[in-house]
Structures are given as C-alpha cells and as structure tokens.
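Heads up, the thing below is written out as structure tokens.
The values are calculated or read from the model by the stated rules, or taken from the named source; none is laboratory data. Every value quoted in this text rests on a predicted model; they were computed, and no experiment measured them. Cβ: placed from backbone, ideal geometry, glycine included. Neighbour counts: every protein chain shown. Each accessible area value is taken on the protein alone, full model and side chains, heavy atoms only, with ligands, DNA and RNA left out. Shrake-Rupley method; radii C 1.70, N 1.55, O 1.52, S 1.80 Å.
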Amino acid sequence: MKGALLMLSAAAAAAFCGTAVAAAGASDSARVIVPRGQPVEIAFADDLTGFGSSFAASLANAVEMAVEAHPAIRGFPIQISLFDAPCGDPAADAAAATSIVANRQNVAVLGQLCSYGFDQALPIYESGGVVTISGSATADSLPSFAPTVFNRTVVDDGDGFSSWYAMVSLASRDLAWQQAYAAEFGAAPTSFADLYYDAAGLLIRRLQRVSTIEDGNLVIDRTALAQAVRQTTSYQGVTCAVTLDPATGNRLNDSTAPSHCTD
C-alpha cells in the first residue's frame, strides 16, 4: 500500500490513543481538532484475517484510489488506518470498534465488511458519535443498531441488493473505473471495491464541506459530519448516483440510475 494507508492492530491503536486525545486537547466530545501539519485520520475496518479477507486488499486499494483523487481536506493530508474487523467474529469486531473510537482523532470509519459482527460494533460507533459508511454490509436490520451514524453505499438485501449490484457493476461508468483500477494495480478489482471507492469519496467530500480552519488547525464537528453524510443526494459515484435515506442511512435503490451512469 502507498503512504495514505497505515496498518494498525487494536493493541497498537490503544498504545497511542492517549497521545491522540492529548493532541485533541481543546476539543469537546463532538469536535476533532487536527493540529497543523498532522493528517486527517480515517479508520478502515477491513477484514484482514477472517473469511472475507480475500476482499481486503482490493477494497483497501479502492479506498487508496479515492484518497489519490482527493488527497487532502483543506490542505491537511488524509491518512487511512487499517483495522482488522474479521467477518463473523463479533468479539473481534467490537474490539476493533472500541480501538477506533478510543482514538479521538479518527473522524469516521469505512466498513465494516460483513453484517454479522458489525451489528455488535455499531452501538460502539453510535455511542462515540463516529460516522460509519459500509460498502458491503447488506443486512436490513443494521440501521437500528446505530440510528444516527450508520450509512452504506450498498443497497440492502430487502431492497434487492443482488439484482441491483449486477446491474450497476455493468454500467459504463463503473466499467471505466474497473479499467482504471486494473491499470493501477495490475489486476481487476473484487466485488464491492467500487462501493468502497464511493464510500471513501463521499466521506472525503463531506469532510471538506463541514470542516473549518481555526487558528491554523482543522476542526471537524462530528455531529455536522453525521448530518452531512445522511443528507447525501445524487452523489455522482462510480456506482452511479448515491442518495441516502436521511432516516436510516440506507442507500436508495434507484433502478433508473445505471441508464444515466455513462460518463
């Protein structure tokens, strides 16, 4: 991986979270203050060791591509920190979420990959006010576990995920992105990589929108970020236009979108 990605274990995250809290010193519970010269930290709860690990590298590459396209927030570089949140392991998923939330400099979370286990982690993100955007967890029940911070760029199972994704992944814009991915990384992306590219891109743009500069530092209000993500309408992603339900964070299934997804 390139410089934007940093691999962190739960133990390593715990080891430096005290330093991160000190750096945030002046921030209250809803604000993250990024000191001048420091990066904006975004956590990626990827599956590095579980049964979804065959997707892990490709999804991380997709997130890296999104950062390459928009590498900074108001001049502050973006750092993606990888955490292991293995699919189907609720204890490990909750531990990853606890470590992510403990570092107050993590402004948001991409992932988690799988629904089972994510349901145990979501209340931790909710209590910490940390926005999550998954590109692959499709269970219908997930919004109830984190009513203010859960979001996804993938359509849920009850809204026809399988048929929707089969259609979207063949849209010309998505196919063009797949070619760009293959040109950069030397292999075709796995399923869901396009959805994580859009999750990262959407998040970066919302961070740009809500962040401010105060005394040379970047200030991000968690509540404002959560609201901005939930209010997403017609975000032009590679998986076509993304609109989120403001009540649940679910991506709406616009069956007409792929026919317009041509640029």
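Considering the conditions (1) touching a residue at least 24 places away in the same chain (Cβ under 8 Å); (2) under 30 Å from Ser29 (Cβ atoms); (3) of a type outside the set (S, T, N, Q); (4) open to solvent by less than 30 Å² (accessible area, probe 1.4 Å), Asp221 is excluded by exactly one of them, (4).
Against the test of being part of a helix (DSSP H, G or I), in contact with an Asp or Glu (Cβ under 7 Å, 6 or more places away or on another chain), farther than 22 Å from Glu41 by Cα and open to solvent by less than 60 Å² (accessible area, probe 1.4 Å), the options Asp174, Asp194 yield a single qualifying residue, Asp174.
The test for being of a type outside the set (A, V, I, L, M), in contact with a strand residue (DSSP E or B) (Cβ under 9 Å, 6 or more places away or on another chain) and not in a helix (DSSP H, G or I) holds for Gln236. Among (1) at pLDDT 95 or above; (2) open to solvent by 10 Å² or more (accessible area, probe 1.4 Å), there is one condition Thr256 misses while meeting the rest; what is its number? Going through (1) at pLDDT 95 or above; (2) open to solvent by 10 Å² or more (accessible area, probe 1.4 Å) one by one, Thr256 breaks only (1). Of all residues in segment 98-109, none that is under 15 Å from Ala85 (Cβ atoms) and of a type in the set (A, V, I, L, M) has its Cβ atom under 8 Å from the Cβ atom of a residue that is at pLDDT below 95 and part of a strand (DSSP E or B), 6 or more apart or on another chain. Scanning segment 28-58 for residues that are out of contact with any strand residue (DSSP E or B) (no Cβ under 6 Å at 6 or more places or on another chain), under 17 Å from Ser136 (Cβ atoms) and touching a residue at least 12 places away in the same chain (Cβ under 8 Å) yields Asp47, Gly50, Phe51, Gly52, Ser53, Ser54, Phe55, Ser58. Checked against the criterion of being part of a loop (DSSP other than H, G, I, E, B) and open to solvent by 40 Å² or more (accessible area, probe 1.4 Å), segment 112-127 has no qualifying residue.
For every residue, the table says whether it meets (1) touching a strand residue (DSSP E or B) at 6+ places or on another chain (Cβ under 9 Å); (2) not hydroxyl-bearing (Ser, Thr, Tyr).
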{"site": "Gly160", "(1), (2)": "no, yes"}
{"site": "Gly201", "(1), (2)": "yes, yes"}
{"site": "Thr232", "(1), (2)": "yes, no"}
{"site": "Ala241", "(1), (2)": "yes, yes"}
{"site": "Ala247", "(1), (2)": "no, yes"}
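Checked against the criterion of being buried (at least 24 other Cβ atoms within 10 Å of the Cβ), at pLDDT 95 or above and assigned to a helix (DSSP H, G or I), the candidates Ala108, Ala96, Ala91 yield just one match: Ala96. Assessment of segment 66-82 against the conditions (of a type in the set (A, V, I, L, M, F, W, C), in a helix (DSSP H, G or I), within 13 Å of Leu207 (Cβ to Cβ) and modelled with pLDDT of 95 or more) yields at least one matching residue.
Residue check: is Phe161 aromatic (Phe, Trp, Tyr), within 20 Å of the chain's Cα centre (by Cα) and under 19 Å from Ile42 (Cβ atoms)? In short, no.
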